Amino acid sequence: MEPVMPERRRPNFTFQFIILGIFLAITLSRIYVDWLWFGSLGYLAVYKTMLFTKILVGAAIAALFFLFLGGNVWIADRRAKLAKAAPYYSIAAGISVIAGFIGSAFWFVVPRFAEAAPFGFVEPLFKRDPSFYMMALPFYQALIITVSLAVLAALGLTLAAYFFSQKPKKAARPAEQPPEGAEQRITQFTVGLPQKGRDHLAVLFGVLLLAAGAFFWIRRYSLLFSHRGAVYGAGFTDVHVALPLYAILTLLALAAAGVVMAYPWHKRGKLLLSASFLVFGVFFGGMLVSGLVQALYVEPNEFNLEQQYIQENIKHTLYAYGLTDVSVKDFPVTYNLSAKDIAANKQMIDNIRLWDWRPLLTTYQQLQLFRTYYDFVDVDIDRYTINGRMTQLMTSPRELDQQQLDAKAKTWINEKLAYTHGYGVVTSPVNKISKEGLPDLFVQDIPPKSGFAELAISEPRIYFGEKTDSFIITDTKANEFDYPLGNDNVFTTYNGSDGILLNGLARKLAFSINLGSLNLMISSALTPDSTVLIRRNVVQRVKTLAPFLQYDSDPYIVIANGRLYWIIDAYSSSNRFPYSESTYGVNYIRNAVKVVVDAYNGDTSFYIVDKGDPLTQSYASIFPTLFRSFDDMPDALKQHIRYPEELFRIQNGMYGVYHMKDPQVFYNKEDVWQTPNEIYDREQVEMEPYYIILKLPEEKKEGFFLIRPLIPRGKDNMIAWMAASSDPDRYGTLEVFKLSKQELTYGPMQIEARINQDTDISQLFTLWGQQGSQVIRGNMIVIPIEHSFLYIEPVYLKASAGGALPQLKRVVVAYEDKLTMQPTLDEALQVLFGASTGKPQEQEEESMLSGTIGERFAQASRLYDEAQAALQQGDFATYAQKIEELGRILES
């Protein structure tokens, strides 16, 4: 009786097919959603370029891998008659798909290489344009890495094919034992492999050595990014040791590749191993020699050997950070400022910022939120033309924060259909204070109200902002909340141009998968006219449209033509600019693009403001429909462009070192400048750049500038100040004003020290700082005026209990060796210069102090009673204020 063989079970691929189906559904839904979204914004051509380039790059890499891996499996099968070749073809296909998927993520390397725009000059070592290092070299490196990985994968797959597909062999007779030495070691390593298999693997290893030779050759160019020498870039050791070393390694790798690939003919394992170890031995030995040369020969005589490379580093770093054309001027400090000078600079004085954004944000939140689900995220500073005069204003958008909804109100209907948008902004001038020490609101309330036509808002709804992180659906059966009106709510329907119609099963299914929301498929609240709005966060929005740009972390909102717009600064940057010092992961940066997003419609426009930037020129060639000329930006928006703080900080830091253009001075770091500190609240912090309406020396009219003082390293006196213009006609112009090194000009911390040492101020701070009150010292503003400086620091007071409003109570003004703290800036200027800006509040106080004796005694009595009442209630802040007012009346 013949034995019954068990039936062979077929493999079950159900789980694998399910996983594959899920992956395909997610991928296809994402592509479909992105196709619709880019098309809805008018940027379908941009998405097609991205998508098809990714597909082509991924397909090319997958094809390369499969042809190479599959070809080697085929060769192995032909040479050694593999028992089962089919599984290896499947493995080759799987590896190829994975490689193509990973490689497609680096798709942008290819079009950037193809559309590289030149800088118009060459570096001194290889005589190459910087565009080669920034746009071509990454392509060549990616190509070598791809080939190397394909060869390594082929080596592993071919070795496995030979090793696991051979039938067991009988032990070899003594006469058949391989010879001693290298050949024996190779045979032991490849035990079980036929000789043809060893020949095949040797050829593959030779191809890998060819790739290593290409790597060593390309590696020479990376010496321009070396950190080894005195400065960033190729130094003495790099040029005289590493550069020849890489040339030698290239030749050795090519020669070794030839020897290894000839193994099938010479069968000399010792020669194969010697050639391979020679390459790697020279590589590691060369690295050791480079280190010894640097330590024992270069560093003892570093400046003399590195001088020319230091010079190149200075030149290229200044260019890379846009500092080549900085205008440097002397700023002799005379300290002969008079009341006449104060009056002559009235527009600048009237726009001195007294409100620090941090306490102002708290004040906005206390006064203008109205509902817990609203939030003010940030306060932005800009300038507007009000009644024909440039006026500096501070603005904060009132955004809707769904996270602040009551827990019971956090339903899908509320979060996606009802609570969809913020409403309006709050705007106040930088210097106006009410009698209560609060800001004077130029735009306020819901709906927004303003007494100025220039600030009128006809469309206050904010569907796109910094807090709008989730998708929403409009035109539904649910009531869409607009804004609160007393105890009731006003509802609306979105009529903007953004959104994608959910008018079919395929779209609903795609968005349900992509957004992870089954309700898009089953909700009865949707109608055939319902539209979905996605990527409403303005930063996420622009990053999706143009992922190859870097974006400023501080979008700011502006009022223009009755609408609200977000302006976002975009940067072209690289970490591959030759000889340039690196900071924050980049060593080349330009503020090349301004992005504008309509807060209601979501319309997004990219305007090129730096036409001379080669990186942006390349991007514009790749995506011709994405970018627009700065000339096309509406004039109402041009008036609100600002020089970005983040770029200015980077340039400050670089210029503080690289203003020393003499290599000897630079090497010794004899004149390093750095950012000063200041006191905010009670802590010492770095002084931030600040926007200011300023009339530069020798200029006839004011402009809008971003400035920051600079101090010598290790000292507190001011040595220079830097200004960047935000005016459209001279946007991006950088100027540095140098102070005399022979005369003392107070720096911010020296003024802070004088404030601390003033007994009257210290006593008042101590009194205010009693239990129940908190003194907040605002950020200091250093004002260059004529050929002098004013130092201005606001002082705020708030109760320590929650919900307290910070009130601006005093203004400290310092000039030369004089310092005073008064209730208002105007009073402080009167004390120092006898000057007055004629503010209504001060005029009312002067009227109060100039009344009859009886009237003033009555006022004093009232103030005394109010002070005692505040004292009994524990309100020490009000007590101090009333006592001070009482003292002024009694003194009068």
**Request:** Between the alpha-carbon centers of region 514-590 and region 87-115, tell me the distance in whole angstrom.
**Result:** 27
**Item:** Å² of accessible area per residue within region 419-465, as computed with a 1.4 Å probe and no ligands counted
**Value:** 33
**Prompt:** For Met821, what accessible area in Å² do you get when you roll a 1.4 Å probe over the heavy atoms of the protein chains, rounding to the nearest 10?
**Reply:** 30
**Message:** If I compute solvent accessible area with a 1.4 Å probe over the protein chains, what percent of it on the chain is carbon and sulfur?
**Reply:** 56
**Degrees separating the helix 86-104 axis from the principal Cα axis of the chain, which is the longest one** = 20
**Asked** Which of Gln674, Ala620, His640 sits closest to the plus end of the dipole of region 601-684, meaning its Cα is farthest towards the positive end, when Lys and Arg get +1 and Asp and Glu get -1 on the C-beta?
**Response** Ala620
**Message:** For a quick check: with amide H placed at 1.01 Å from N, whose amide H comes under 5 Å from Arg810's, ignoring anything fewer than 5 positions away on the same chain?
**Reply:** Val795
**Prompt:** When we measure straight from the Cα of Lys267, which lysines land under 25 angstrom away, once same-chain ones fewer than 8 places off are left out?
**Reply:** Lys81, Lys167, Lys169, Lys170, Lys196
**Item:** About the Cα centre, charge dipole magnitude for region 680-815 (Lys/Arg +1, Asp/Glu -1 at Cβ), debye
**Value:** 140
**Request:** Compute the acute angle (0 to 90°) between the alpha-carbon long axis of helix 505-515 and the principal axis of greatest extent of the alpha-carbon atoms of the chain; round to the nearest 10°.
**Result:** 80
**Prompt:** Counting only heavy atoms of protein chains, what accessible area per residue, in Å², does region 590-629 have with a probe of 1.4 Å?
**Reply:** 26
**Request:** Considering the options Trp357, Asn591, Gln868, tell which one lies farthest towards the positive end of the dipole of the chain, charges being +1 on Lys and Arg and -1 on Asp and Glu at the Cβ, about the Cα centre.
**Result:** Asn591
**Net dipole in debye of the chain [+1 Lys, Arg Cβ; -1 Asp, Glu Cβ; about Cα centre; nearest 20]** = 5600
**Prompt:** Can you give the charge dipole size of region 497-611 about its Cα centre, rounded to the nearest 20 debye, using +1 on the beta carbon of Lys and Arg and -1 on the beta carbon of Asp and Glu?
**Reply:** 260
**Complete:** Restricting to lysines and to Cα separations under 23 Å from Lys638, and discarding same-chain partners fewer than 8 apart, the set is Lys543, Lys594, Lys611, Lys695, Lys700, Lys701
**Over the chain, relative contact order from alpha-carbon pairs under 8 Å, at least 6 apart, %** = 11
**Asked** Taking Lys882 as the anchor, which lysines have their alpha carbon closer than 22 Å to its alpha carbon, excluding any fewer than eight residues away along the same chain?
**Response** Lys432, Lys435, Lys798, Lys809, Lys839
**Message:** Per DSSP helix of 4 or more residues, -39500 (n - 2.57); summed, then divided by the residues of the chain. What does that give at 222 nm, rounded to the nearest 500?
**Reply:** -13500 deg cm²/dmol
**Asked** When ligands, DNA and RNA are left out and all protein chains stay put, how many square angstrom of accessible area per residue does region 271-380 have with a 1.4 Å probe?
**Response** 46
**Request:** Using only Cα atoms, find the angle between the long axis of helix 759-768 and the longest principal axis of the chain, and express it within 0 to 90 degrees, rounded to the nearest 10.
**Result:** 80
**Request:** Rank Ile707, Trp37, Gln311 by how far each Cα sits towards the positive end of the charge dipole of the chain (+1 on Lys, Arg Cβ; -1 on Asp, Glu Cβ) and give me just the farthest.
**Result:** Trp37
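The values are calculated or read from the model by the stated rules, or taken from the named source; none is laboratory data. Here the structure is a predicted model, which is why all the values come from computation and not from measurement. Don't worry about glycine lacking a Cβ; one is built from the backbone with ideal geometry, like all the others, and counts go over all protein chains shown. With ligands, DNA and RNA removed, areas are computed over all heavy atoms of the protein, side chains included. Shrake-Rupley method; radii C 1.70, N 1.55, O 1.52, S 1.80 Å.
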